[in-house]
Ligand code: SF4
């Protein structure tokens, strides 16, 4: 049926519309007209998702002369994402019929973007149950330096350390000249995988690339709110986008979780092992291929942005919201050389260890932590800020295959970067015992984000309309 919402003709794929849905659509339209943000409440189970989708898709179609708005619909769980895509599919079929009856073609494209774990079709990788292992295996097949290495040794028979073969689904995708090849339609996870299998193309990279030309993208909150992945996945979205956060009551938690870091004794020990492994690799690289270290050094002098080219497949996490000007800066001299950086991390870990030995529960602000670490360990704020990205640079330079095995050190570096970037909205808490076993020493350090606005603010600033519902 067609509903008139304040002068806008909205195609609605059901025979009946509740008064609440009608009112809700009126408010969504007001938000879009004003090009502002909105906070809209509607009880669950009253058809909120379809009301939103129907209104925004109709709004877009009516504004075709202007630059079309892209709808980014964020939900929290896979079942919620699948439900939204089902509704979108229903709506799109309605448009197929409606436009078909007028002799017009429907060129709408809507799709799901989710993790490699849900989209991978390479049998050697997709059988893994743990998402981090899938990411890591995919990375080892598609990282730019692995592929370069394969090219270098191709045609050299019997070379002993020739890297394993890549992923043909990725190679096929990468060799396409025009990548705008997902035809119009609505694609759920299964549809994307079917399409990928039929064309022998990786559904994950297809979907990531389709973000730039799809009308509607449905994905997880984390792709926009977690700064460690948002920069990688959502960097290219234009300001002319409407972002919807469904089940908005979850936002606070997601924002806070994505910026909080927890360290315990085991993680610290593992991080120390990670440093030792990296030191060994460093001496190896120095003996075999010193030019790689020199290249890295030069890139770091230019700034982090320069050092992080080639990253569309190199899925190593990006920095936790480093301001743009910092990315342009040269990496501080005392952590530019690999061995200096590793020694710096070692000293930082020693300091963390002394904190974990505290017999009482302690709580302090980032400012007090930074003052203390400067006085007692001569570690300054600036190099700490760069730790997260500096680590990723070293992992790339060393061409590390299994990045998940460095997750402990990554956590430590994230803590260093976050605590030195934000002086407000965080608290560092050390608890010597776990509540469940109050007599056994089991220290835990939590860098707790207390202010959800830190993660959501860049999203509100960046997009024309953000609707939390
Ligand atoms: S490129 Fe795609 S299909 Fe290949 S391993 Fe990675 S996610 Fe799987």
Q: Select from region 91-128 the residues that are outside any loop (DSSP other than H, G, I, E, B), out of contact with any strand residue (DSSP E or B) (no Cβ under 8 Å at 6 or more places or on another chain) and within 16 Å of residue 190 (Cβ to Cβ) and list them in ascending order.
A: 116, 117, 118, 119, 126
Q.
Whether any residue in region 158-180 is modelled with pLDDT of 90 or more, out of contact with any helix residue (DSSP H, G or I) (no Cβ under 6 Å at 6 or more places or on another chain), away from the ligand (no atom under 16 Å from the Cβ) and not in a helix (DSSP H, G or I) is what I want to check.
A. no
(Q) Just to be sure I understand the filter: pairs with C-beta atoms under 6 Å, separated by 6 or more residues or on different chains, first member in region 116-129 and under 22 Å from residue 220 (Cα atoms), second member within 6 Å of the ligand (Cβ to nearest atom) and not in a helix (DSSP H, G or I). Which pairs pass? (A) 126/120
Q: Assess whether residue 440 counts as being outside the structural domain of residue 229 (by TED's automatic domain parsing) and free of Cβ contacts under 8 Å to residues at least 40 places away in the same chain.
A: yes
Q. On the given criteria, is residue 432 in contact with a helix residue (DSSP H, G or I) (Cβ under 7 Å, 6 or more places away or on another chain), over 30 Å from residue 296 (Cα atoms) and outside the structural domain of residue 241 (by TED's automatic domain parsing)?
A. no
Q: Determine whether residue 137 is near the ligand (Cβ under 9 Å from one of its atoms), surrounded by fewer than 19 Cβ atoms within 10 Å (Cβ to Cβ), in a helix (DSSP H, G or I) and free of Cβ contacts under 8 Å to residues at least 24 places away in the same chain.
A: no
Q.
Can you name every one of the strands (runs of 3 or more DSSP E) wholly within region 211-313 that holds 2 or more residues which are closer than 26 Å to residue 35 by Cα and at pLDDT 85 or above?
A. 216-220, 241-245
Q) Are any of the residues in region 192-208 under 27 Å from residue 258 (Cα atoms) and modelled with pLDDT under 90? A) yes
**Q.** The listed residue being assigned to a helix (DSSP H, G or I) and in contact with a strand residue (DSSP E or B) (Cβ under 9 Å, 6 or more places away or on another chain), out of 28, 3, 10
**A.** 28
Q.
For region 31-77, which positions are over 18 Å from residue 106 (Cα atoms), surrounded by 14 or more Cβ atoms within 10 Å (Cβ to Cβ) and free of Cβ contacts under 8 Å to residues at least 60 places away in the same chain?
A. 47, 50, 51
Q) Does residue 10 meet the test of being in contact with a helix residue (DSSP H, G or I) (Cβ under 6 Å, 6 or more places away or on another chain) and over 18 Å from residue 109 (Cβ atoms)? A) yes
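The values are calculated or read from the model by the stated rules, or taken from the named source; none is laboratory data. Since we're looking at a predicted model, the values are computed, not measured. Positions of Cβ are generated from backbone atoms using ideal geometry, with glycine treated the same way; all protein chains shown enter the neighbour counts.
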